[in-house]
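Okay, so here's the structure we're looking at.
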Amino acid sequence: MNKNRSTGFTIIEIMVVMAILTLFMTLWLTVFSRVKENEQRTVCLSNLKQLSLGLQQYVQDNDSRFPTDPFLLAALLPYVKSQELFQCPSMSKIPRLYPRPGEHYELTPWLYVDLKAQQVHGRYGLGRHEATLTSTATAVSLFEITADEEREKIPTTCGITQVGVRHSSGANYAFVDGHVKWLGSVGFAQLFCSGVP
């Protein structure tokens, strides 16, 4: 029997074990970050659904017209009863760049201004009437406000639009009929002009 042999590990064995542990940690952190982003995207989708239902109630109470202000807190808070719904959980990592802190969603521009009604009646401050929409299932009502560095310029049939890419190269959108979904930037660009004359 050889009495000079030590019972410890060699430096090569320790380095192999450390390399394997590093690989496992890298894989685990990648999976964990994806799970966390999916959770934030789902919470954001839920917030938009609640705001979309509040928007539908607002429209019903206001002669089928949408709010005249793109920032929704004042108009929708009586319907949704929670200011937390106006905040996307992914927004916490982005510096405050917006004029109204705490509002991370906005009404699409073609809903809060009815240019035809303003020209005919000479009155300003009218939101678009719901009956003027060609398709409530494809007309986007609410979208996420994003910082400039989170936008991607996409050509559409209406010209070039800037699309938010906050959640996994896409964003959450609410539609006038009340449904919400995540769309990649190209998917949103295809729907951008539909549903609104």
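Does the stretch 78-100 include one or more residues that are among the hydroxyl-bearing types (S, T, Y) and at pLDDT 85 or above? Yes, the conditions are met somewhere in the stretch 78-100.
If the requirement is being over 20 Å from the mean Cα position of the chain (by Cα), touching a residue at least 24 places away in the same chain (Cβ under 8 Å) and farther than 16 Å from V180 by Cβ, which of these qualifies: T68, T30? Going through T68, T30 in turn, the sole match is T68.
Check the stretch 40-55 and report whether any residue there is touching a Gly at 6+ places or on another chain (Cβ under 7 Å) and surrounded by 15 or more Cβ atoms within 10 Å (Cβ to Cβ). So that I can check it myself, show each step before the final result.
The initial filter retains those residues of the stretch 40-55 that are touching a Gly at 6+ places or on another chain (Cβ under 7 Å), namely 52-53.
Filter once more, so that each one left must be surrounded by 15 or more Cβ atoms within 10 Å (Cβ to Cβ): 52-53.
Checked the stretch 40-55: at least one residue is touching a Gly at 6+ places or on another chain (Cβ under 7 Å) and surrounded by 15 or more Cβ atoms within 10 Å (Cβ to Cβ).
Taken as a whole, the stretch 37-45 holds at least one residue that is aliphatic (A, V, I, L, M) and either within 23 Å of H179 (Cα to Cα) or modelled with pLDDT of 90 or more (or both).
Check F32, F9 and return the single one that is in a helix (DSSP H, G or I) and aromatic (F, W, Y). Don't jump to the end; show me each part of the working.
On the way: F9 fails: in a helix (DSSP H, G or I).
After ruling out the rest, the residue left standing is F32.
Exactly one residue among V120, V113, V140 is hydrophobic (A, V, I, L, M, F, W, C) and either closer than 18 Å to G184 by Cβ or modelled with pLDDT of 80 or more (or both), and that residue is V140. Determine, yes or no, whether D61 is at pLDDT 80 or above, of a type in the set (D, E) and within 25 Å of L126 (Cα to Cα). Yes.
The values are calculated or read from the model by the stated rules, or taken from the named source; none is laboratory data. From a predicted model like this one, the values you see are computed outputs, not experimental measurements. A quick note on method: Cβ atoms are made from the backbone with ideal geometry, for glycine too, and the neighbour counts reach across all protein chains shown.
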